[in-house]
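Peer 1: Got a structure here, written out as structure tokens. Questions coming.
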Amino acid sequence: MNDLDKFDYAILGALQVDGTLSVAELATRVGLTSTPCWKRLKRLEEEGYLDRRVALVNRHQAGLPVTVFVSVRTSQHDEKWLAKFAAAVIALPEVMEFHRMSGDVDYLLKVVTTDIEGYDRFYKKLIRAINLTGVSSAFSMEQIKYTTALPLDLVAHGAMS
């Protein structure tokens, strides 16, 4: 369990919505003065609660409207193979997320690309990089929900009382 209180969760929540807030704006939103807010923010950064602050680029506007979920199966499960596979996947810029899974699928990739031809180029790079037992692709037809904000309420309720 962590040692966060309601102000810490409020700071994290506010920054998830707008990472460009100044310390003064952030302090006002969470009900603190600037100095205590700044000290808390620095502690949250030092303790690893904030990975980084970034701008979220609109993928459609940027020319990457296609999202593909790629399921990968392999008959290889040793650490040496995994290290080689992970390095190959991490090097592919189209891969937005990379997960090792339980169940029938060994790995799941979230890939963004320009179009079907762009995905085909990605697929050929993937299978050229490493030997896989099976690759299955599911194209997202519509993104119904998208958020980068974690549901902090699920863990913050104890800190709020």
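Peer 1: Among A27, I11, A55, whose Cα projects farthest towards the positive end of the dipole of the range 6-55, with charges put on the beta-carbon of Lys, Arg (+1) and Asp, Glu (-1)?
Peer 2: Sorting the options by dipole projection puts first A27.
Peer 1: List the equivalent ellipsoid semi-axes of the chain in whole Å, largest first, each obtained as the square root of 5λ for an eigenvalue λ of the Cα gyration tensor. It would help to have the intermediate numbers written out before the result.
Peer 2: Details: eigenvalues 294, 75, 40 Å².
Values for the chain, descending: 38, 19, 14 Å.
Peer 1: Q61 to W38: extension gain in nm, 0.36 nm per residue of separation minus the Cα-Cα distance?
Peer 2: That works out to 4.8 nm of additional length.
Peer 1: Report D for the range 66-161 in µm² per second (integer): Stokes-Einstein, Kirkwood Rh on Cα pairs, 20 °C, 1.002 mPa s.
Peer 2: For these conditions, the coefficient is 142 µm²/s.
Peer 1: At 0.36 nm per residue, minus the direct Cα-Cα distance, what do E97 and D51 gain on full extension? Give it in nm, one decimal, please.
Peer 2: 15.0 nm
Peer 1: Give me a comma-separated list of calculated 3J(HN,Hα) values for the range 127-140, in order, Karplus coefficients 6.51, -1.76, 1.60 applied at θ = phi - 60°, integers in Hz, x for any Gly or Pro.
Peer 2: Result, ordered by residue: 6, 6, 6, 7, 7, 10, 6, x, 10, 10, 10, 10, 7, 6 Hz.
Peer 1: Normalised by the number of residues in the range 5-161, what is the relative contact order in percent for Cα pairs under 8 Å and 6+ residues apart? It would help to have the intermediate numbers written out before the result.
Peer 2: On the way: 163 pairs, mean separation 44.8, N = 157.
Averaging sequence separation for qualifying contacts and normalising by length gives 29 percent for the range 5-161.
Peer 1: May I ask you to list the trypsin sites (Lys or Arg not before Pro) in the range 2-59 that are in a DSSP loop and have at most 13 other Cβ atoms within 10 Å of their Cβ?
Peer 2: R52, R53
Peer 1: List the pairs from K84/K124; K6/K39; K80/K145 whose alpha-carbon separation is above 26 Å, in the order I gave them.
Peer 2: K80/K145, as the Cα separations exceed 26 Å there.
Peer 1: Is the range 71-127 rounded, prolate or oblate when judged by the Cα gyration tensor, a ≥ b ≥ c being the square roots of its eigenvalues, rounded requiring a/c under 1.5 and prolate requiring a/b larger than b/c?
Peer 2: Values: a/c = 2.06, a/b = 1.67, b/c = 1.23.
Verdict is prolate for the range 71-127.
Peer 1: If you don't mind, another one. I'd like the distance separating the alpha-carbon centroids of the range 93-161 and the range 44-79, in whole Å.
Peer 2: 7
Here, each number is a calculation from the coordinates, and none is a lab measurement. Just so it is clear, the model here is predicted, and its values are computed rather than measured. Cβ atoms come from the backbone with ideal geometry, glycine included; neighbour counts cover every protein chain shown.
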